[in-house]
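Participant: Have a look at the structure that comes next, please.
The values are calculated or read from the model by the stated rules, or taken from the named source; none is laboratory data. A quick note: this is a predicted structure, and the numbers were derived from the prediction, not measured. Glycine also receives a Cβ, built like all others from the backbone with ideal geometry; neighbour counts cover every protein chain displayed.
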């Protein structure tokens, strides 16, 4: 039986929207110049998070249902937002806090009720300052049960 999907929080959705804003295609018309008031966007093959934001280094220790997710601290960050995605890329679990580590589901107890890694999944973390400005984001990192 699949564990219940938890709703993603507004800050995580806002971060995702911010990241995806620059990922639209130019419709194959790469030679056309944008109008003076137009915003130039990068295609998904040209867009790299590290080109616009700092990249956070991440690790997942204790493989199994509730691995410990850890990341490097980001200068100026006052909040971290963690998102775990299921195998189809849909948000499964989110967490926000000031620490630089958290177990999936918020606990290391293997038999605890709540979210856990039950299939191949991925996760990423975003760092924000005290005004909510996005400072850095990790690349997706795999998780396995």
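Participant: Just the residues that are in a strand (DSSP E or B), free of Cβ contacts under 8 Å to residues at least 40 places away in the same chain and surrounded by 13 or more Cβ atoms within 10 Å (Cβ to Cβ), please, taken from the stretch 86-102.
Facilitator: Here is the first cut: in the stretch 86-102, the ones in a strand (DSSP E or B) are 91-97, 101-102.
So of that shortlist, the ones also free of Cβ contacts under 8 Å to residues at least 40 places away in the same chain come out as 95, 97, 101-102.
Passing the criteria: 95, 101, 102.
Participant: Given (1) at pLDDT 95 or above; (2) within 15 Å of residue 56 (Cα to Cα), where does residue 140 come up short, assuming only one miss?
Facilitator: For residue 140, the exception is condition (1).
Participant: Return the total of residues in the stretch 49-85 being outside any loop (DSSP other than H, G, I, E, B), modelled with pLDDT of 95 or more and within 18 Å of residue 132 (Cβ to Cβ).
Facilitator: Residues that pass the stated criteria total 5.
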